[in-house]
1. I want the local charge near B:V15. Using Cβ-Cβ distances under 15 Å, sum +1 for each Lys or Arg and -1 for each Asp or Glu among the other residues.
2. Remind me, what semi-axes does segment A:77-120 give for its equivalent ellipsoid, largest first in whole Å, using sqrt of 5 times each Cα gyration tensor eigenvalue?
3. If you average the C-alpha positions of segment A:206-253 and of segment A:112-183 separately, how far apart do those two centres end up, in angstrom?
4. Run the quick spin-label model on A:D67 and A:A178: label points 7 Å from Cα toward the beta carbon, then report their separation in nm to one decimal.
5. Subtract the Cα-Cα distance of A:D204 and A:R233 from 0.36 nm times their separation in residues, and report this length gain in nm to one decimal.
6. What shape does segment A:9-97 have by the C-alpha gyration tensor, where a ≥ b ≥ c are the square roots of the eigenvalues, rounded means a/c under 1.5, and otherwise prolate means a/b greater than b/c and oblate the rest?
7. For segment B:1-68, rounded, prolate or oblate, judged on the Cα gyration tensor with a ≥ b ≥ c (square roots of eigenvalues), a/c < 1.5 rounded, else prolate if a/b > b/c?
8. Averaged across the residues of B:45-58, what count of C-beta atoms belonging to other chains lies within 10 Å of each residue's C-beta?
Amino acid sequence: MKTPLARGPVSSLLLDQLQQPPSEGDGSSVLLDRIRLSLATTADVVRDEDLQLALFCLYELNYSGLDDVDGHWEWNPGLLGARQLIESAFEDSLRSRVPLPAERPLDSDGVAALLFDLTGKDSGPSMSRFVAKRATREQLDEFLIHKSIYQLKEADPHTWAIPRLNGRAKAAMVEIQADEYGGGRPQRMHSALFARTMRGLGLDDSYGNYVDLVPALTLATNNMMSMFGINRRLRGAIAGHLAAYEMTSSQPNRLYGNGFRRHGFDDQVTWYFDEHVEADAVHEQIAGRDLAGGLVESEPELLEDVLFGASAVLTVDGWLSEHILGCWEQGQSSLRPSVPEAA
Amino acid sequence: MSNLSASEDANAIVVCPDGPILVRGDFEIVSTTGEPLPRTRRTVALCRCGASTIKPYCDGTHKLINFRTEFPADPEKALPDR
Ligand code: FES
């Protein structure tokens, strides 16, 4: 994707470093020191523009890469150290703030029932009801811009988990992901359907095009998925994340579709949302019982992380909805001020 | 592998507590006159609460109407007295 603009000292050191050819004994100690300083002084690592952007760029080296950045940086030890520093502060912050339910079921039906219960209680502000009934045409653009950071690579963060799972949980993950990736039909991949929706509203559907416009919280929802997916030890959290994501999808997508229909958009534009109403009603059953529940049955010590991953989506995505709706209620944009076009 | 387990593997119907019926495998969904119904995925969830807006498929509405399917702990006890 196109390389984003720096948002502070850490991201600017990182992006400068990435312009160089990778070398051993490079300047990463300067970067590490700067990260430590920022972590020591930030008010909130989850909402820190500079640190979340740096982490997003570090993960991006594992996805589609950054334009004009040497691919060898992906496994550069200095950068892995930088990623771990930010990751561990991010993870600690989430663990201390994400509430966990008290129950500890150990069979797959019990895990599914608890996850359905947890996701059914979600009481945060409702983005889907707002989009269905009140969002303006410009707010639909904003809504898609926030979503585009993930949805144009929809399913990829969870795919990291496949080789870390076994048996029933692995089969469940593969079944869900195969559907996410269009069942062999590239034009039906969920990311491709989302791109179609963006084009229908006149937005640019190239991956990462709008990163500069989204705030730290939008990046944090993405970074959380990447962190859970890329770290094998967090496979419980990525399974819980996917289950909760699917369980909070069918009905909201029906409402999102209604919001776009209200503005006169046709079924080409709403295809993405309509598809999720049906797909995620299937996926939520498989993800809750076979993926999350199956994983807990084979590795009971992962239950806590399954619940953490599930509750983390509700919490962090809830903060993002609060931010967006809070801005909209005041008649403001929820995006960062757009940067002047480079000459 | 015996023929029996091979055919068991081919198709499966999963009865989801408080939710839909998942159908997985090789099958067709047709109307009463045999016309195929629109189907876009391999594994489908069939609504059994009656409240879906995309019947015959489930759209998650069962959760909003608190649809319950609990099996009685002891099915014998749930039968009317003989
Ligand atoms: S069973 Fe899910 S909507 Fe009816």
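Readers should treat all values here as calculations from the given coordinates under stated rules, not as data from a laboratory. Keep in mind that what you see is a predicted model, and the values were worked out from it rather than measured. Cβ atoms come from the backbone with ideal geometry, glycine included; neighbour counts cover every protein chain shown.
1. Working: positive: A:R289, B:R24, B:R48, B:R68; negative: A:D109, A:D290, B:D18, B:E70.
Overall, the nearby charge balance is 0.
2. Numbers: eigenvalues 211, 31, 14 Å².
The three semi-axes for segment A:77-120 are 32, 12, 8 Å.
3. Rounded to whole Å, the Cα centres lie 8 Å apart.
4. Going by the 7 Å Cα→Cβ label model, 3.7 nm.
5. On the way: separation 29, 0.36 × 29 = 10.44 nm, distance 3.62 nm.
Using 0.36 nm per residue and subtracting the Cα-Cα distance, I get 6.8 nm.
6. Working: a/c = 1.99, a/b = 1.62, b/c = 1.22.
The shape class here is prolate.
7. Numbers: a/c = 2.93, a/b = 1.46, b/c = 2.00.
Judged from the Cα gyration tensor, segment B:1-68 comes out oblate (a/c at least 1.5, b/c at or above a/b).
8. On the way: counts 10, 1, 1, 0, 0, 0, 0, 4, 3, 6, 0, 0, 5, 8.
Average neighbour count from other chains, rounded to a whole number: 3.
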